[in-house]
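Every number in this text was worked out from the coordinates using simple rules, so none of it is lab data. Quantities reported herein were computed from a predicted structural model and do not represent experimental measurements. Using ideal geometry, Cβ is built from the backbone for each residue, glycine included, and neighbour counts are taken over all protein chains shown.
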Amino acid sequence: MTITVTEQCPIGPAVTCHLAAYNAAFYELGLSWHWDDETFHALQSLPCEREWIKAYMKSHQSHLLSAYDPDFLIDAIQTAKARCFETMTDGGVKKAASVNWAAFQQAEVGV
């Protein structure tokens, strides 16, 4: 019997885990980004995850493009997202708590 990612994801459908992993990665990297369901769905019209991140940077975080190499940021985000996704789906025995990363970031002092 093959277990799919959807069955392994303790917080819901696989797409929910991917979105949560992106938001966790943004937080981990110190980026004040948050993708809600609507943003994530809109970005999925692009051909690949690298294009999702690049499009979001161009439209919402364009100031970063003058300070950082876009490919460097995309690589860092994808690496952190993969690690977060693996952590969220590893084991999958207990239901994980859903974290609102946007609210978590707003509570930080000096942000």
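Values for this structure:
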| quantity | calculated |
| --- | --- |
| Calculated FRET value between V15 and H63, using beta carbons and R₀ = 30 Å, to 0.05 | 0.55 |
| Derived scalar couplings ³J(HN,Hα) [the range 17-30; Karplus, 6.51 cos²θ - 1.76 cosθ + 1.60; whole Hz; x for Gly, Pro] | 5, 5, 4, 4, 5, 4, 5, 5, 5, 4, 5, 4, 8, x |
